[in-house]
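The values are calculated or read from the model by the stated rules, or taken from the named source; none is laboratory data. The structure presented is a predicted model; accordingly, all values stated were derived computationally and were not measured. Please note: Cβ atoms are built from the backbone with ideal geometry, for glycine as well, and neighbour counts cover all protein chains shown.
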Amino acid sequence: MNLSSTLFASADLAAEKLEAITTTEGLLLIIAGPGSGKTRTLVKRILYPRKLV
C-alpha cells in the first residue's frame, strides 16, 4: 500500500476518486452525477499536497 492510499484509505474512495485526488500534474475535470462525492473529492484534492509536507 503506497502513501496516497494510506492517507486517503476509506470505503467511499473508488479507484477513480483516489486517482483524481492524487493526480498532481495539469488540470483536472471531474464529471459525475448528483450525490457521487464530487465535493468531497475536490476538498481532499486541495488537502492532499498539504498532507505530504
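So which residues in segment 4-21 are among the β-branched types (Val, Ile, Thr) and either at positive phi or at pLDDT 60 or above (or both), if there are any at all?
Just the residues of segment 4-21 that are among the β-branched types (Val, Ile, Thr), to begin with: 6, 21.
The one that is among the β-branched types (Val, Ile, Thr) and either at positive phi or at pLDDT 60 or above (or both): ILE21.
Taking the residues in segment 14-32 that are more than 12 Å from ARG45 (Cβ to Cβ) and not aliphatic (A, V, I, L, M) as candidates, determine which candidate is nearest to the chain's Cα centre (by Cα).
GLU16
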